[in-house]
1. Hey, can you tell me all the residues within segment 55-72 that are out of contact with any strand residue (DSSP E or B) (no Cβ under 7 Å at 6 or more places or on another chain) and closer than 22 Å to residue 311 by Cβ?
2. Suppose the filter is crowded, with 20+ Cβ neighbours inside 10 Å, touching a residue at least 40 places away in the same chain (Cβ under 8 Å), assigned to a helix (DSSP H, G or I) and touching a helix residue (DSSP H, G or I) at 6+ places or on another chain (Cβ under 6 Å); does residue 113 pass it?
3. Would it be correct to say that residue 188 is surrounded by 17 or more Cβ atoms within 10 Å (Cβ to Cβ) and farther than 29 Å from residue 28 by Cα?
4. Please go through (1) in contact with a helix residue (DSSP H, G or I) (Cβ under 9 Å, 6 or more places away or on another chain); (2) within 27 Å of residue 140 (Cα to Cα); (3) surrounded by 15 or more Cβ atoms within 10 Å (Cβ to Cβ) for residue 50 and return the number of the only condition it doesn't satisfy.
5. How many residues are out of contact with any helix residue (DSSP H, G or I) (no Cβ under 8 Å at 6 or more places or on another chain) and in a loop (DSSP other than H, G, I, E, B) if we restrict to segment 297-313?
6. Given segment 177-296, what helices (runs of 4 or more DSSP H) lie entirely inside it while holding 3 or more residues that are within 23 Å of residue 63 (Cα to Cα) and at pLDDT 95 or above?
């Protein structure tokens with residue numbers, strides 16, 4: 001039985017307690033953070049150990065490797081990548097060059113990740129940042145407008161896919177207007193549905209064919225004034241599934257973020273009941289994971305079919321490229 005959950009772990013290797021827990025609960029996938037990263041050999045050993053606990057050699061292992069301030073793997077073993085905004089600000093060559101380099105960035109990141117057994121990257125950020133929005137999005141966004149975000153977001157996603165890594169579009173249906181950081185508070189967006197549809201939803205519509213998406217812990221008063229999108233049936237069914245047209249696997253953002261109310265069982269049940277296919281828990285806290293396991297369901301029905309469809313999008317033979325020449329071209333673009 002596979003559980004509709006993605007879990008983190010505490011350190012750079014698995015404890016006996018973690019191995020036993022993951023074997024018992026059998027989460028759909030795992031997510032890594034800086035605390036889990038030391039060296040290439042160590043990460044390869046960890047990803048192999050995680051997959052061994054669930055008995056699936058292709059189990060999804062996620063990471064947030066955006067670049068800029070959200071990059072879990074970095075020097076000395078991996079390059080530093082630029083922020084999303086940096087791609088949109090490349091001056092030389094115009095829009096086609098910006099798109100080329102965004103795709104190349106995704107392809108290079110996929111090269112790094114695949115080499116250590118990571119097959120899902122929580123990129124691209126498709127939020128369109130409002131001028132008065134919280135800096136939690138800020139320069140993570142590819143630009144200040146729909147066209148830039150959608151064009152460069154797709155380029156980055158295509159680069160990842162070409163390299164054998166699945167992208168996750170986030171934070172659906174849009175975090176750019178939020179005036180609070182959902183890690184700490186519950187943002188409430190008061191914009192009209194028409195404005196949300198015209199701006200916030202638009203990049204997600206443009207990339208609705210992507211295999212995976214992550215929800216926003218944001219209340220949109222024009223959609224559901226009581227619940228954030230993660231736990232709102234209205235937001236998931238009417239907006240994410242119907243208006244945006246996303247039919248891939250939908251995961252919650254991290255359940256441990258303070259934007260959500262209730263204990264972890266309540267949060268788990270609410271997200272799954274609202275229409276999330278799987279729930280995400282990141283910090284590796286065993287006590288919290290055990291509570292989530294009490295509320296999580298088996299991955300079945302439409303959720304299972306979406307999960308299988310998503311994983312089938314991983315290319316078995318990545319697009320060939322000269323990594324040294326690619327890194328030189330990439331560096332030149334930002335020189």
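1. The answer is 55, 56, 57, 58.
2. Against the criterion (crowded, with 20+ Cβ neighbours inside 10 Å, touching a residue at least 40 places away in the same chain (Cβ under 8 Å), assigned to a helix (DSSP H, G or I) and touching a helix residue (DSSP H, G or I) at 6+ places or on another chain (Cβ under 6 Å)), residue 113 does not qualify.
3. Criteria not met by residue 188.
4. (2)
5. Residues flagged as out of contact with any helix residue (DSSP H, G or I) (no Cβ under 8 Å at 6 or more places or on another chain) and in a loop (DSSP other than H, G, I, E, B) within segment 297-313 amount to 2.
6. 264-274, 286-295
The values are calculated or read from the model by the stated rules, or taken from the named source; none is laboratory data. No experiment lies behind these values; they were computed from the predicted model shown. Positions of Cβ are backbone-derived with ideal geometry, glycine not excepted, and every protein chain shown enters the neighbour counts.
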